[in-house]
Amino acid sequence: MTAIVGVRYLISSGGFALATRLKHPGLYRGLEKQMRREIGWSLASAAIYGIPAGIVAWGWQAHGWTRIYSDWNALPLWYLPVSLFAYLLIHDTWFYWTHRWMHRPALFRLAHSVHHDSRPPTAWAAMSFHPLEAVTGAVVIPALVFLIPIHVAMLGLVLAIMTLMGVGNHMGWEMFPRALVHGPAGRWLITATHHERHHAVYRGNYGLYFRFWDKACRTDIGLGGFGGSLDAAHRRRERPAADS
């Protein structure tokens with residue numbers, strides 16, 4: 001499972017890095033050393049993510065411990081999107097509060113600074129975590145499959161969305177159309193333009209998929225932007241303070 005998680009990371013981040021090279025040539029110029037560091041931390045995180053993933057696969061296939069099911073008729077079809085949204089909402093809640101917790105000064109210096117050392121982040125930074133932070137991210141989906149029934153196809157979709165948002169939100173440009181990002185849906189969905197703002201100022205915008213918790217807790221600091229001035233701000237070496 002560690003190998004599967006690692007290969008998934010290399011394929012997804014590598015694909016987005018290639019897309020960046022084709023669409024925005026030179027965007028990652030001068031960041032070669034940083035990208036090698038991102039890949040190293042990410043592969044270490046893959047080893048950590050692989051442990052609970054392996055337990056889930058073994059418990060499901062060998063012992064039937066999980067609530068994962070493969071028969072489309074086991075539960076009503078309307079439950080499929082409900083389970084998908086439930087997993088995303090719970091994951092987003094967990095991510096918001098653990099991410100905000102990681103911005104406490106002591107934890108930021110100990111662990112989360114590894115992720116923010118990517119300045120600016122690239123497509124390779126999605127899993128660039130200190131092991132302590134990797135553990136907090138690795139346990140939530142595996143825990144949910146023991147509690148909430150989900151079809152294996154919906155679980156695969158959850159993992160695909162998690163990968164898409166994790167990589168896409170760090171690659172340094174917006175892949176979604178402006179009408180979505182700045183329209184009604186964009187007021188509630190997180191894309192690269194929203195998450196970029198977090199990496200630019202090191203506070204606020206803590207969510208993963210949805211802006212609900214940021215809005216409810218008044219930590220939504222709006223959308224960022226991409227371009228020369230932002231690029232220059234990202235490349236400054238004076239680090240903003242972590243959240244107090």
Calculated [θ] (222 nm, deg cm²/dmol) that DSSP helices of n ≥ 4 give over the chain, each run adding -39,500 (n - 2.57): -17000 deg cm²/dmol
Farthest toward positive dipole pole in the chain [+1 Lys/Arg, -1 Asp/Glu at C-beta], among 148, 162, 86: 162
At least 18 Å along the helix axis (C-alpha) and Kyte average at least 0.0, DSSP helices within the chain: 2-23, 32-58, 79-102, 152-168
Within segment 54-194: Cβ-based charge dipole about Cα centre, in debye rounded to nearest 20 (Lys, Arg +1; Asp, Glu -1): 320 debye
Mean Cβ count within 10 Å, highest first, over the residues of peptides 168-176, 4-12: 168-176, 4-12
Inter-label distance, nm, simple model (7 Å from Cα along the C-beta direction), residue 143/residue 70: 2.8 nm
Using a Förster distance of 35 Å, the FRET efficiency for residue 89-residue 36 (Cβ separation, nearest 0.05): 0.45
Average Cα contact separation per residue, the chain, under 8 Å, 6 or more apart, as relative contact order %: 24 percent
Segment 1-99, accessible area per residue, ligands and nucleic acids excluded (1.4 Å, Å²): 59 Å²
Heavy-atom accessible surface of the chain: percent carbon and sulfur, 1.4 Å: 67 percent
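The values are calculated or read from the model by the stated rules, or taken from the named source; none is laboratory data. Predicted, not measured: the structure shown is a model, and the values here were computed from it. We place every Cβ from the backbone using ideal geometry, glycine too, and count neighbours over all the protein chains shown. These accessible areas exclude ligands, DNA and RNA; they are computed on the full protein's heavy atoms, side chains included. Shrake-Rupley method; radii C 1.70, N 1.55, O 1.52, S 1.80 Å.
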